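Note sheet for the following structure.
The values are calculated or read from the model by the stated rules, or taken from the named source; none is laboratory data. Bear in mind that the values here come from a model prediction, so they are computed numbers and not experimental data. Cβ atoms come from the backbone with ideal geometry, glycine included; neighbour counts cover every protein chain shown.
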Amino acid sequence: MGFKVMGWDASGPVLTVGYIDDGRMMASHSMRQPRLAGSHLVAWIEEAVEILGRPDAIAVGVGPGSFTGVRIAVTAAKALAYSWKVPVKGVSSLAAWARAVTPGHRVVVSSERRGPAYYLGYYYVGASGAEALMPDTAVSGHLPPRFPVSEEVLVVGPLARDPEALRLIGPKARPVHVDMSGVEVALEGWSALQWGKTDQPVALAPAYLRPPRVSVSNEVTHGGS
């Protein structure tokens, strides 16, 4: 058997759990009701362990995203890392979501939109995973100054359903409607975990981002959440 990692996330529109063995998907559960994470997450984890055995490590999406969902996911990861005596790695939920697209693309990932406020990540997805092109950020009314971009870019999340947001992201922005999978969360943590780049369970914490203090360009104020 190879190096087994279980990953999960409840930061956005999907509650998801995945299990990989040497990078190969062994199991995946997803549900578009993340507010039920408290009642389904542990049951799915226990089911995967019963069938596939305890993983060698845990990866968990630490946000940014839903306060309640991220807190539940991180708390479960900390408790099980202690109980199973396995390493744990917190990963960006936006980076894991970016991995859902075909490699070779730049990706804008948006999450938890509430009117003009939302979380945003910008990544290049290569064969080895998602590389951040800017830090994940909390947006309040305006896109970061680096937008619009001239390159082709895929847009994931609520901004993908907003034509005005797509225009402001760039002339070659293209919407893609894909959900995050726990498998992507596991893959996002897999390489770091194998190289011993882990988080101390006691220090593992949600990534709660504040809206930027100053927004200077490209207001996006309409569209759904």
Open item on the list: Being in a strand (DSSP E or B), aliphatic (A, V, I, L, M) and either surrounded by 15 or more Cβ atoms within 10 Å (Cβ to Cβ) or outside the structural domain of Gly12 (by TED's automatic domain parsing) (or both) narrows it down to one residue among Leu120, Leu94; which is it?
Closed with: Leu120
Task: Conditions (1) free of Cβ contacts under 8 Å to residues at least 60 places away in the same chain; (2) assigned to a strand (DSSP E or B): number failed by Ser83 - done: (2)
Open item on the list: Among the residues in the stretch 98-111, are any among the hydroxyl-bearing types (Ser, Thr, Tyr), in contact (Cβ under 8 Å) with a residue 40 or more places away in the chain, under 17 Å from Leu159 (Cα atoms) and in contact with a Ser or Thr (Cβ under 6 Å, 6 or more places away or on another chain)?
Closed with: no
Task: Residue check for Arg146: assigned to a loop (DSSP other than H, G, I, E, B), modelled with pLDDT under 95 and not aromatic (Phe, Trp, Tyr) - done: yes
TODO: Among residues belonging to the stretch 77-91 that are of a type in the set (A, V, I, L, M) and touching a strand residue (DSSP E or B) at 6+ places or on another chain (Cβ under 7 Å), point out the one that is surrounded by the fewest Cβ atoms within 10 Å (Cβ to Cβ).
DONE: Val86
Task: Residue count for the stretch 174-195, restricted to those that are among the small types (Gly, Ala, Ser) and crowded, with 23+ Cβ neighbours inside 10 Å - done: 4
TODO: Determine, yes or no, whether Arg106 is over 16 Å from Ala130 (Cβ atoms), surrounded by 20 or more Cβ atoms within 10 Å (Cβ to Cβ) and not assigned by TED's automatic domain parsing to the domain that holds Val183.
DONE: no
